[in-house]
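Asker: What follows is a structure written as structure tokens; I'll ask about it next.
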Amino acid sequence: MYLRRSLAQLFLLALCLFLLAACDGGNPPPKAQVKAPADKQVYTVPIINSPDFNTLDPALAHDSDSINAINMLFTGLVQLDDHLALRPQLAQSWSLDPDGVTWRFKLKSNPKFSDGTPLTANDVIYSLDRALQPATQSTVAGLYLTLIKDSDKLLKAQTPTLIGNSLKAPDKNTVVIVTRKKAAYFPSMLTMPCAYVVEQSLVKKYGNKFTEHLNEGGGAGPFKVAKYTHSVGIDFSPNGNYYNAKPQLRQVSFRFYHSSDDAYRDYQNKKIDVTGVPLSTLVTDKKSKDFQQVPQAWVDYYTMNYLTKPFDSIHMRQAFALAIDKTAIAQNVWKNTILPTNNIVPKGLPGYNDKLTGPDGTQNLKGDADKAKQLFQQGLQDEGWTSASQVPQITLTYASNVPGFEQEVNTLIQMWQRVLNVTVTADPVDYDTLLDKVTAATNNQNGIQMWGLTWVGEYPDPQDWLSHQFGKGILNNNMNYGQNFGPTAAKQQAIQQQMEKADADTNGTERLQAYQQAEQQLVNDVAWLPIGQVTSTFLRSSSIVGFADNAQGFTPPDDWANIYRVQ
């Protein structure tokens, strides 16, 4: 299953925000900020183009709107901080047994659900087991909790429960989870909502309707539901039983809007506190003190099928990569709402390599026409061709219903024509058809040749961007990295082995170094041809202070203690 998402979701990631306060040396110092009175401590956020939340059940959530609301109410054993580093949340600590697969989490002292009910280790293992139960019908637990031993059997109803097997609670403060293999990144996957803890008494009382009664309890996050009116909005109030520092805001409201234009207008009229920025007003809005631009864990890229000609040649792949001026695309197509990049692991994530180079060994983002032409000639020799006229017809497949991609594709085609004198034909298809064609390219020399997609980070670990994309037999390895017959296939397979070893390495520094080395080789091999890192551009009222940005676009639960309104 693919979790590649369209650029149409760009403005839906703007919940995690940050006030940039700057003072020029020649200007007078800013006035001291005075905290607004308690009855003014309200923050209002628009939800665009959604008539309602798809769900408020952590086990089921897969869209950003639902997840943003769920993060207000629920949390799990671990969470991410402002820098997307893994931190204890319900757990105060965790450890890994010498066998490399048994994880032990110690809970904080006396955590509680929002209704005051004690939260114990039994609630944690119940929640994980519930997410994987076939009756829950979760489409995400099978993606993010599959490292738990025998989760596949539970999903297939081949075992009634994992409790007492790979999920144990030896005492009320200890959670034991056994994984099916050594995976140093496993705790990062527990930051996904399907691993959050739900109050089993509420679930047993109301069944699948328990999310209609979250005013009674249900979660252990920093907020609880004060009021929820379907298709209108939801109001959150602070959870008085939250075990860490409590929110300063007295109310956070999410309001549903039919269009981004309506939300933008209401922002201008001071009815809401944040809004996306239309491209038509971007130049003007950039001058506002409210303007924010936050790089996201979201990369726009193209890739080539290693089993199809001419892309079975590494020199051809490198020629196509170096014929592209990524800076021009960022400026002219996306109006600088993306950051041109050579990286696979994006800026802002643990493991980001600021020293990574492109296939030419430089950090140049404007391309190198002379080098591209030279590599193209080498590629012709690789194939036994004497002229460009022998290159077979090349087709680039992309999603026609993703805003902006058509212009980007046309720009790429023009660059390849100008630099390499090669004609590439655009093949626009709907998004679902694209994913079907991409899947069918796996191990298929008759599959599509080249395609464009985006990858939105799921959990902030390099494994999600490297092993999860290019590993041996991995579902996303549709470009057939390491599973081809080219002269560099053995070298690719060595990189796959290096990534697999890094996946299990519990030495954090050593592990990140191994991933960065692998990423550099993947870029040299043009496993992906990254174009740009997507940013979230938005306006947020300067009267709201204390937010901290991160590339995942969410607010860590403990950050709400630092956020408040000033006069």
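The values are calculated or read from the model by the stated rules, or taken from the named source; none is laboratory data. Predicted model only: the values in this text are computed from it and were never measured. Virtual Cβ from ideal backbone geometry, glycine too; neighbours counted across all protein chains shown.
Asker: What residue, of Ala69, Ala21, Ala36, is at pLDDT below 50, over 30 Å from Gly508 (Cβ atoms) and either surrounded by 20 or more Cβ atoms within 10 Å (Cβ to Cβ) or more than 20 Å from the chain's Cα centre (by Cα) (or both)?
Answerer: Details: Ala69 fails: at pLDDT below 50; Ala36 fails: at pLDDT below 50.
The conditions single out Ala21.
Asker: Separate question: Out of all the residues in region 463-472, is one or more among the aromatic types (Phe, Trp, Tyr), at pLDDT 95 or above, within 20 Å of Asp300 (Cβ to Cβ) and touching a Lys or Arg at 6+ places or on another chain (Cβ under 9 Å)?
Answerer: No, that holds for no residue.
Asker: Then there's this: Kindly indicate which of Ala61, Ala85, Ala91 is surrounded by fewer than 18 Cβ atoms within 10 Å (Cβ to Cβ), under 26 Å from Gly348 (Cα atoms) and of a type in the set (Gly, Ala, Ser). Please lay out each step first, then the result.
Answerer: Working: Ala61 fails: surrounded by fewer than 18 Cβ atoms within 10 Å (Cβ to Cβ); Ala91 fails: surrounded by fewer than 18 Cβ atoms within 10 Å (Cβ to Cβ).
The conditions single out Ala85.
Asker: So, one more: Among the residues in region 356-366, are any of a type in the set (D, E, K, R), over 23 Å from Asp312 (Cβ atoms) and buried (at least 20 other Cβ atoms within 10 Å of the Cβ)?
Answerer: Within region 356-366 (the criterion being of a type in the set (D, E, K, R), over 23 Å from Asp312 (Cβ atoms) and buried (at least 20 other Cβ atoms within 10 Å of the Cβ)), the answer is no, since none of the residues qualifies.
Asker: Among the residues of region 307-316, is any within 25 Å of the chain's Cα centre (by Cα) and assigned by TED's automatic domain parsing to the domain that holds Ala489?
Answerer: Checked region 307-316: no residue is within 25 Å of the chain's Cα centre (by Cα) and assigned by TED's automatic domain parsing to the domain that holds Ala489.
Asker: Restricting region 158-167 to residues that are touching a residue at least 24 places away in the same chain (Cβ under 8 Å) and surrounded by fewer than 18 Cβ atoms within 10 Å (Cβ to Cβ), which is farthest from Leu512 (Cα to Cα)? So that I can check it myself, show each step before the final result.
Answerer: Kept after step one, since they are touching a residue at least 24 places away in the same chain (Cβ under 8 Å), are these residues of region 158-167: 161-163, 167.
Add one more test, that the residue is surrounded by fewer than 18 Cβ atoms within 10 Å (Cβ to Cβ), and what stays is 161, 163.
Numbers: Thr161: 35, Ile163: 33 Å.
Ranking the candidates gives Thr161 first.
Asker: Which of the residues spanning region 233-271 are among the hydrophobic types (A, V, I, L, M, F, W, C) and either surrounded by 21 or more Cβ atoms within 10 Å (Cβ to Cβ) or within 12 Å of Met72 (Cα to Cα) (or both)? Even if it seems obvious, please write down each step before you answer.
Answerer: Looking only at region 233-271, we keep the residues that are among the hydrophobic types (A, V, I, L, M, F, W, C), and these are 234, 236, 245, 249, 252, 254, 256, 263.
Across region 233-271, the qualifying residues are Ile234, Phe236, Leu249, Val252, Phe254, Ala263.
Asker: Looking for something more than 27 Å from Thr555 (Cα to Cα) and not acidic (Asp, Glu) - is there at least one such residue anywhere in region 182-193? Step through it out loud before you land on a result.
Answerer: Here is the first cut: in region 182-193, the residues more than 27 Å from Thr555 (Cα to Cα) are 182.
With the extra rule that they be not acidic (Asp, Glu), the set shrinks to 182.
Yes: region 182-193 contains one or more residues that are more than 27 Å from Thr555 (Cα to Cα) and not acidic (Asp, Glu).
Asker: Can you work out which of the residues in region 122-156 that are part of a loop (DSSP other than H, G, I, E, B) and in contact with a strand residue (DSSP E or B) (Cβ under 8 Å, 6 or more places away or on another chain) is surrounded by the most Cβ atoms within 10 Å (Cβ to Cβ)? Explain how you work it out, then say what you get.
Answerer: Going through region 122-156, the residues part of a loop (DSSP other than H, G, I, E, B) turn out to be 133, 137-140, 145-147, 149-150, 156.
Checking the rest, the ones that are also in contact with a strand residue (DSSP E or B) (Cβ under 8 Å, 6 or more places away or on another chain) come to 147, 149.
Details: Leu147: 20, Lys149: 18.
Applying the filter and picking the extreme gives Leu147.
Asker: Further question on the same structure: What pairs can you find where one residue is in region 435-447 and acidic (Asp, Glu), the other is in a loop (DSSP other than H, G, I, E, B) and surrounded by 18 or more Cβ atoms within 10 Å (Cβ to Cβ), and their Cβ atoms are less than 7 Å apart, with a gap of 6+ or different chains?
Answerer: Cβ pairs passing all conditions: none.
Asker: Is it the case that Lys287 is without any contact (Cβ under 8 Å) to a residue 40 or more places away in the chain, out of contact with any Gly (no Cβ under 7 Å at 6 or more places or on another chain), assigned to a loop (DSSP other than H, G, I, E, B) and under 21 Å from Thr535 (Cβ atoms)?
Answerer: Numbers: without any contact (Cβ under 8 Å) to a residue 40 or more places away in the chain: yes; out of contact with any Gly (no Cβ under 7 Å at 6 or more places or on another chain): yes; assigned to a loop (DSSP other than H, G, I, E, B): yes; under 21 Å from Thr535 (Cβ atoms): yes.
Yes: the conditions hold for Lys287.
Asker: May I pose another question? In region 472-513, which residues are surrounded by 21 or more Cβ atoms within 10 Å (Cβ to Cβ) and small (Gly, Ala, Ser)?
Answerer: Matches in region 472-513: Gly482, Ala502.
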